[in-house]
Amino acid sequence: MRKICIVTDTASGLTSNEAVVNNIVLVPLSVLVNGKEYQDYFELTYNKLNDFLRAKADIKTSQPNLGLLNEVMVNLKSKDYDDILIFPISSKLSGTYQAFALATVQNQMTNVSIVDTGTLVGSQRYVTLCAAEMAKAGKSKEEIINVTMRILRETITYVLPENLDQLKRGGRISSSAAILSGLLKVKIGLVLGNYGDAFEKFATTRTDERLFQTIFESMKKEGFNVDSHKAYILHAEGIPKLDKFISSFNRAFPNANYEIYDLPSVIAAHAGLNTVAIQFIQKL
């Protein structure tokens, strides 16, 4: 049986314990706060990032520190892996894919395959865990890539930010969506299709409940089915909105399979506090 290593980054929301248990190598992205660089998750916790957001600090995110990434790749090269499969955050949203590719070339590694997930957080988490499970079961590199790419064809992300300040500051929304940032007393919904390069305007409503229902209607049109898909519900200290959202979701989709997580720091840095998001992806 071939020895396969699975690698991902912290935009997946995986914890170090989960990575260890599932034999996954977890590489931190970088977050710059007032000019100081932190390793996402390892040096900058969810709570600490939220404190910076409340203080309206100057926050930027970046691909993994190149020196650290090179150390990771040198270490992987020293192992006797037959194949190394990397599942980074979407190349449309980050330079992480390109950073892994550069480190692979610089270290003359011929056993590395980088899968552009075209997504982030829950969907990225899911395909990485699926890949680790398949590797443990003895599946080949080709089988793992084929299955994960099939899964990734059916994933979409909806975001309900409190406001668009952070997304606008980080350039993560389209110009048409950015115009909405000046509107008052309007509930805003954004959508990111797989391999999308920016969050697009999806809906504006006067109430959270109407916005929730608009999202659920869209999910049905996009093919979400409780038998064939899994959902991830994510938030950044948005507990009141989260509770209302989950209640509505359970009414709309009884018996749906879903998990709830905090948004990783590197993502919350763009989405802002009180954000709630939902993703769905086809189950393995």
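The values are calculated or read from the model by the stated rules, or taken from the named source; none is laboratory data. Everything numeric in this text was worked out from a predicted model, so none of it was measured. Heads up, the Cβs are rebuilt from the backbone with ideal geometry, glycines too, and the neighbour counts pull from every protein chain shown.
Considering only residues that are under 17 Å from Asn65 (Cα atoms) and under 20 Å from the mean Cα position of the chain (by Cα), which ones fall in segment 91-125?
In the first step, residues of segment 91-125 are kept if they are under 17 Å from Asn65 (Cα atoms); the result is 91, 93-107.
Listed by number, the residues that qualify are Ser91, Leu93, Ser94, Gly95, Thr96, Tyr97, Gln98, Ala99, Phe100, Ala101.
Please go through segment 216-237 and give me each residue that is closer than 30 Å to Asn47 by Cβ and in a loop (DSSP other than H, G, I, E, B), ordered by number.
Start the filter on segment 216-237 by keeping residues that are closer than 30 Å to Asn47 by Cβ, which leaves 230-237.
Glu237 - this is the single residue of segment 216-237 that is closer than 30 Å to Asn47 by Cβ and in a loop (DSSP other than H, G, I, E, B).
Tell me, which residue of segment 232-241 that is closer than 10 Å to Ala277 by Cβ and surrounded by 20 or more Cβ atoms within 10 Å (Cβ to Cβ) is modelled with the lowest pLDDT?
Our first condition is that a residue be closer than 10 Å to Ala277 by Cβ; within segment 232-241, this holds for 232-236, 238.
Filter once more, keeping what is surrounded by 20 or more Cβ atoms within 10 Å (Cβ to Cβ): 232, 234-236, 238.
On the way: Tyr232: 98, Leu234: 97, His235: 96, Ala236: 95, Gly238: 89.
Among those residues, the one meeting the criterion is Gly238.
Residue pairs, Cβ under 6 Å, 6 or more apart or interchain, first in segment 200-219 and closer than 13 Å to Pro161 by Cα and without any contact (Cβ under 8 Å) to a residue 24 or more places away in the chain, second surrounded by 14 or more Cβ atoms within 10 Å (Cβ to Cβ) and polar (S, T, N, Q). List them.
As it stands, the answer is Ala203/Thr214, since those pairs meet every condition given.
Among the residues of segment 25-42, which ones are over 16 Å from the mean Cα position of the chain (by Cα) and under 27 Å from Cys130 (Cα atoms)? First the steps, then the outcome.
Restricting attention to segment 25-42, the residues satisfying the condition of being over 16 Å from the mean Cα position of the chain (by Cα) are 25, 32-39, 42.
Selection gives Val25, Gln39, Phe42.
Is it the case that Asn47 is under 29 Å from Ala135 (Cβ atoms) and free of Cβ contacts under 8 Å to residues at least 12 places away in the same chain? Outline the logic, then answer.
Values: under 29 Å from Ala135 (Cβ atoms): no; free of Cβ contacts under 8 Å to residues at least 12 places away in the same chain: yes.
No: the conditions fail for Asn47.
Give the residues of segment 44-74 that are out of contact with any helix residue (DSSP H, G or I) (no Cβ under 8 Å at 6 or more places or on another chain), closer than 17 Å to Asn163 by Cβ and outside any helix (DSSP H, G or I), sorted by residue number.
Answer for segment 44-74, where residues must be out of contact with any helix residue (DSSP H, G or I) (no Cβ under 8 Å at 6 or more places or on another chain), closer than 17 Å to Asn163 by Cβ and outside any helix (DSSP H, G or I): Ala55, Lys56, Ala57.
Ile84 - would you say it is assigned to a strand (DSSP E or B) and of a type in the set (Val, Ile, Thr)?
On the way: assigned to a strand (DSSP E or B): yes; of a type in the set (Val, Ile, Thr): yes.
Taking the combined requirement at face value, the residue satisfies it.
Out of (1) among the β-branched types (Val, Ile, Thr); (2) surrounded by fewer than 17 Cβ atoms within 10 Å (Cβ to Cβ); (3) assigned to a helix (DSSP H, G or I), what's the single condition that is false for Ile260?
(3)
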